[in-house]
1. Would you check if there is a residue in segment 7-21 being in contact with a Cys (Cβ under 8 Å, 6 or more places away or on another chain), assigned by TED's automatic domain parsing to the domain that holds THR177, surrounded by fewer than 21 Cβ atoms within 10 Å (Cβ to Cβ) and hydroxyl-bearing (Ser, Thr, Tyr)?
2. Would you check which residues across segment 46-92 are within 13 Å of LYS186 (Cβ to Cβ) and either of a type in the set (Phe, Trp, Tyr) or assigned to a strand (DSSP E or B) (or both) and list them?
3. Take the conditions in contact with an Asp or Glu (Cβ under 8 Å, 6 or more places away or on another chain) and assigned by TED's automatic domain parsing to the domain that holds GLU83 and apply them to VAL118. Does it pass?
4. Run PRO330 past the list (1) more than 22 Å from ARG147 (Cα to Cα); (2) at pLDDT below 75; (3) loosely packed, with under 13 Cβ neighbours inside 10 Å; (4) not basic (Lys, Arg) and report the number of the one that doesn't hold.
5. Would you confirm, using the coordinates I've provided, whether PRO191 is surrounded by fewer than 20 Cβ atoms within 10 Å (Cβ to Cβ), touching a residue at least 60 places away in the same chain (Cβ under 8 Å) and farther than 20 Å from ASN272 by Cβ?
6. Is it the case, given these coordinates, that LEU108 is within 30 Å of THR6 (Cβ to Cβ), in contact with a helix residue (DSSP H, G or I) (Cβ under 7 Å, 6 or more places away or on another chain) and buried (at least 19 other Cβ atoms within 10 Å of the Cβ)?
7. Does ALA196 satisfy the criteria of being assigned by TED's automatic domain parsing to the domain that holds PHE296 and over 27 Å from TYR138 (Cβ atoms)?
8. Kindly list, by first and then second residue, each pair from a residue in segment 306-317 that is part of a helix (DSSP H, G or I) to a residue that is acidic (Asp, Glu) and at pLDDT 95 or above, limited to pairs with Cβ atoms under 9 Å and residues at least 6 apart or on different chains.
Amino acid sequence: MSSDPTTLVSVIVPICNVQKYLAECLESILAQTHRELEVICINDGSKDASLAIIQNYAARDSRIVVVDKPNEGYGATCNRGLEMAHGQWVSIVEPDDWIAPTMYEDMLAFTGRFSQSVDIVKTPWIDICEWDCPSTQYARKSDMCGRVKTSATPFSIAQNPVLMELHPSIWSAIYRTDFLRQNRIKFIPFPGAGWADNPFLVETLCQAKAIVYLDKPYYNYRCDLPGSTLHHATDEAVARPFDRWIDMMHVLERLGVTDERIIAAHYVRAFNYTFGAIHDDGWDNPVVKAKTREVFGMMDSELVKAMRNVAPHRKRFFFEERGLEVPRFPIGPWVRHLSGETVHTLKNDGLGRVVKRAGRVLRPTERKDI
């Protein structure tokens, strides 16, 4: 597909109560060196000044389209943007984040290197950490940086399943609009934030015939603040990561995905969500226990046994909770994986983060009761 500067990119910005960060986000979009943009700002029932902010920007820049509607949640709001999009490409930018000036110009130029039509252009991103205080805020390369080489040819997700293992990061990409519409890809309209990006990740990556990866970060993502995910107030919030994993599993089943590389990547996310929930809400939480066993019950034990990028103590936990005989897990494959992770982290972050991460993954157990 051509990298013509007249190519229209539709940028969807789902907005709900983000007045503090919204101007920074919009300024970064409007400052793009690729000028042909349709910026679809959808106010999802904000109670603060968000609507007034986007109306003010729209009065100054005709590329901004403002939609004001009652609160429906992230998924329904993004779907509204997908329906409205006129561009050849679609991008999603969350309203508390910001993007580098050449993001769209570079992505579109990258598609021009390939003779076949590209469905998705994927990139890594920058994590903005501890952003609630200017004196503590710092930026670090995301774990995706350096994981996949910049593409020489398009690929399918089975060739680079790591794109499914880490943060969904649906916003560090652009999507060919016709690809989304031809495959009827939309968000599931969960209430609120709802983690609607998770099923969308699977829908897009597993249906794409031609993905390309540009190993350069453009998107600045405000991470969860330390402690912000601890002790959820409702059972629904505790169950949410498990429920989204189950939704993603149903997407894989509906699409008829049987490639073990893809399924194993999804299993990695199951372990990450499970042990994240144990850390956040405790193994003594009945929802955590019930949902862990539900998710584990959907996983193939032989595939789990063979996975080299899951710690032996996590696999042992899986077999114990399934009531299955615990097999012997050779330590060599895990040590080699951990060594590779250490080298990768050292390149990205330096020695301090390597020491911190090693201490976390080498703990003998993450269960609260043993």
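The values are calculated or read from the model by the stated rules, or taken from the named source; none is laboratory data. Just so you know, these numbers come straight off a predicted model, no measurement behind them. As a convention, Cβ positions derive from the backbone with ideal geometry for all residues, glycine included, and neighbour counts pool all protein chains shown.
1. Scanning segment 7-21, I find no residue that is in contact with a Cys (Cβ under 8 Å, 6 or more places away or on another chain), assigned by TED's automatic domain parsing to the domain that holds THR177, surrounded by fewer than 21 Cβ atoms within 10 Å (Cβ to Cβ) and hydroxyl-bearing (Ser, Thr, Tyr), so the answer is no.
2. Residues satisfying the conditions are TYR74, VAL90, ILE92.
3. Criteria not met by VAL118.
4. Checking PRO330 against (1) more than 22 Å from ARG147 (Cα to Cα); (2) at pLDDT below 75; (3) loosely packed, with under 13 Cβ neighbours inside 10 Å; (4) not basic (Lys, Arg), the one that fails is (2).
5. Yes: the conditions hold for PRO191.
6. No, not satisfied.
7. Spelling it out, it is not the case that ALA196 is assigned by TED's automatic domain parsing to the domain that holds PHE296 and over 27 Å from TYR138 (Cβ atoms).
8. Pairs that qualify, where the first residue is part of a helix (DSSP H, G or I) and the partner is acidic (Asp, Glu) and at pLDDT 95 or above, are ALA306/GLU260.
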